[in-house]
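Engineer: Quick one: the structure is below, questions incoming.
Any read-out appearing in this document is the output of simple, stated calculations on the displayed coordinates, not a laboratory observation. Please read these numbers as outputs of a predicted model, since none were measured by experiment. Because the Cβ atoms are built from the backbone with ideal geometry, glycine has one as well, and the counts that use them run over all protein chains shown.
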Amino acid sequence: MDFTLTPEIEKLRQRIRCFVDEEIIPLEANKDNYDAHENIREDILATLRDKVKSAGMWAPQVSPEFGGLGINTVAMAACYEEMNRSIFGPAAFNCAAPDEGNMFILNRVGTPEQKKRWLRPIAEGHVRSAFAMTEPKGCGSDPSLTYTTATKAGGKWIINGRKWFITGAKGAQHFILIARTSDDSRKGLTAFLFDADDAGWNIERRIPIMGPEEHGGHCELSFDGLEIPDENRLMNVGDGLKVTQIRLGTARLTHCMRWLGMAKRAMEIALEYVETRDSFGAKLIDHETIQTKLGDAAMSIQIGRLLTMNAAWKLDQGSFARKEVSMAKIQVAYTLNKVVDAALQLNGARGYSKDTPLEWMYRYARQAKLVDGASEVHKMVLSRNLLNERTDFWSWGHDV
Ligand SMILES: Cc1cc2nc3c(=O)[nH]c(=O)nc-3n(C[C@H](O)[C@H](O)[C@H](O)COP(=O)(O)OP(=O)(O)OC[C@H]3O[C@@H](n4cnc5c(N)ncnc54)[C@H](O)[C@@H]3O)c2cc1C
């Protein structure tokens, strides 16, 4: 592939970069700008979102029909990386998980009526959404262990079961739910849409976690007779796994795009420190072991960018890019952890303090190796591809 961005996308990338530098990064230093869960306060976020809208950079990944710019996946890679140079960035542009992935799947597979009812309010920033798949005693790495059931009764589906780690559930209005509709091993799951105001479900708890939280936290939900009209089924009965795979293909990759921005910002903070800090008769930057650490981090980030861009390009060509997305997800999750740890170390005690966002990033980064498929599971998928494809595993893209 050719890695050159079109002039329009390059201009958008630069505008996002400037906006993040001038309007968002300065907010990070003031602790009053944070909510109780270490994310940006909702009122400050609302003001920021108005500024993004006025600047014409709102939800660039969403189609113009729903208020975005309709950019493709390659362009998203370039833009999301810039947004997440600030820990507050993605939410400000309406490009944060899980809304971002939910908008993507609703736009891709929703009916016109479903898009109007469920997608438009998220795209316009009026409501938040959540995606409910993982279960405490069932579906985790293995979706075939989904125990939450949807039973047909007349024109409705009755939902019973439990989900957990549902990001953003507290305060979300629109939910996508994966439930079992039959015992068929491939077509046993179905995707549904429900509204927070519907009766028959409950948030049992907001699960305490080690890192800062997305708005709405990570919640455990119970379902006790939630009724969903058949018109709120997403795709066909039995297509739940398909919905998940289509959603996660791009959603996993957008995590990589954002994580690369965070890793780059960590390096920016490290560079500022090592260039000015004296140690043993020289600046820190003059010591060779420091240079090795920086060089290693820079190279890891660039490998992640190449893997991410390659997968983005394949998605734009119509491929599911499963192995490319898996490779990017494994590598970038590892790189984020490694680079943030290195940046923290390079800042000495300052890195361990709350004077920089590095400790925030350090705690946040750990989830990258778990969310949207643990690294081990992605490696298992790659191994399956290798067994099937042999040396064609490393083809130059003719399998698109
Ligand atoms: C911060 C956060 C946010 C999340 N948000 C959401 C959300 O919004 N919606 C949602 O539905 N889910 C969400 N999840 C759940 C997430 O998708 C799961 O954590 C992930 O899929 C792994 O499943 P599990 O935690 O059940 O791990 P398990 O399946 O219990 O596996 C435990 C560990 O075993 C290892 N393992 C598992 N299978 C294999 C294998 N085949 N080979 C080798 N090793 C293996 C891995 O190391 C894995 O970490 C979130 C999780 C976190 C941490």
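Engineer: Under the Karplus relation 6.51 cos²θ - 1.76 cosθ + 1.60, θ = phi - 60°, what is the ordered set of whole-Hz ³J(HN,Hα) values for segment 90-107, x standing for Gly and Pro?
Structural biologist: Values per residue, Gly and Pro as x: x, 5, 5, 9, 6, 10, 8, 6, x, 4, 4, x, 5, 5, 4, 6, 5, 5 Hz.
Engineer: I would also like to ask the following. How far is the Cα center of segment 292-326 from the Cα center of segment 334-367, in Å?
Structural biologist: Taking the Cα centre of segment 334-367 as reference, the centre of segment 292-326 is 22 Å away.
Engineer: Moving to a separate point now. Rounded if a/c is under 1.5, else prolate if a/b is larger than b/c, else oblate: which is the chain, with a ≥ b ≥ c the root eigenvalues of its Cα gyration tensor?
Structural biologist: prolate
Engineer: Which angle between 0 and 90 degrees, to the nearest 10, do you get for helix 322-346 versus the longest principal axis of the chain when only C-alpha atoms count?
Structural biologist: 40 degrees
Engineer: What is segment 129-238's relative contact order, in percent, from Cα pairs under 8 angstrom and six or more apart in sequence?
Structural biologist: 32 percent
Engineer: Here's a follow-up. Taking every pair of alpha-carbon atoms in segment 241-394, give the share separated by more than 28 Å as a whole percent.
Structural biologist: Of all Cα-Cα distances in segment 241-394, 29 percent exceed 28 Å.
Engineer: Here's a follow-up. Sticking with the crude label model, points 7 Å out along Cα→Cβ, report the distance from Lys338 to Glu124 in nm, one decimal please.
Structural biologist: If labels sit at Lys338 and Glu124, their model points lie 4.6 nm apart.
Engineer: Report relative contact order for segment 7-123 in percent, whole number only (criteria: Cα-Cα under 8 Å, sequence separation at least 6).
Structural biologist: 26 percent
Engineer: Hey, can you rank 195-208, 232-245 by average C-beta count inside 10 Å, highest first?
Structural biologist: 232-245, 195-208
Engineer: Using a 7 Å offset from the Cα along the Cα-to-Cβ direction at both Glu376 and Glu10, what is the distance between the two label points in nm, to one decimal?
Structural biologist: Each label point lies 7 Å from its Cα, and together they span 4.5 nm.
Engineer: About the Cα centre, and with charges only on the beta carbon of Lys, Arg (+1) and Asp, Glu (-1), how big is the dipole of segment 45-150? Nearest 20 debye, please.
Structural biologist: Dipole magnitude for segment 45-150 comes out near 260 debye.
Engineer: Net charge near Leu346, counting Lys/Arg +1 and Asp/Glu -1 over other residues with Cβ under 15 Å of its Cβ? The partial results should precede the final answer.
Structural biologist: On the way: positive: Lys264, Arg265, Arg277, Lys283, Lys293, Lys338, Arg350; negative: Glu268, Glu272, Glu275, Asp278, Asp286, Glu288, Asp296, Asp341, Asp355, Glu359.
For residues surrounding Leu346, the net value is -3.
Engineer: Give, in nm to one decimal, the length gained when the segment between Gln291 and Glu227 is fully stretched (0.36 nm per residue of separation minus the Cα-Cα distance).
Structural biologist: 17.1 nm
Engineer: Label points 7 Å out from Cα along the Cβ direction at Gln245 and Glu268: separation in nm?
Structural biologist: Result for the modelled spin labels: 3.9 nm.
Engineer: Would you mind checking the tilt of helix 7-19 against the longest principal axis of the Cα atoms of the chain, expressed as 0 to 90 degrees and rounded to 10?
Structural biologist: With rounding to tens, the tilt is 70 degrees.
Engineer: Oh, and also: Please work out how much length the chain gains when fully extended from Arg17 to Arg366, using 0.36 nm per residue of separation minus the C-alpha to C-alpha distance, in nm with one decimal.
Structural biologist: 123.1 nm
Engineer: Pull out the extension gain between Arg390 and Ala36, defined as 0.36 nm times the separation in residues minus the alpha carbon to alpha carbon distance; nm, one decimal.
Structural biologist: Values: separation 354, 0.36 × 354 = 127.44 nm, distance 5.06 nm.
Value of the extension gain: 122.4 nm.
Engineer: Which value, in debye to the nearest 20, describes the size of the charge dipole of the chain about its Cα centre when Lys and Arg Cβ atoms bear +1, Asp and Glu Cβ atoms bear -1, and nothing else is charged?
Structural biologist: So the magnitude is around 700 debye.
Engineer: Tell me, how many Å apart are the Cα centres for segment 97-131 and for segment 45-91?
Structural biologist: 15 Å
Engineer: Here's a follow-up. In whole Å, what are the Cα extents of segment 7-123 along the three principal axes, biggest one first?
Structural biologist: 44, 37, 21
Engineer: Also, quick follow-up: Which Cα, out of Pro64, Asn94, Leu45, lies furthest along the positive dipole direction of segment 14-151 (beta carbon charges, K/R +1, D/E -1)?
Structural biologist: Going by the Cα projections, it comes out as Pro64.
Engineer: Averaging sequence separations of C-alpha pairs under 8 Å and six or more residues apart, then dividing by the length of the chain, give the relative contact order as a whole percent.
Structural biologist: On the way: 673 pairs, mean separation 57.8, N = 400.
Over the chain, the number comes to 14 percent.
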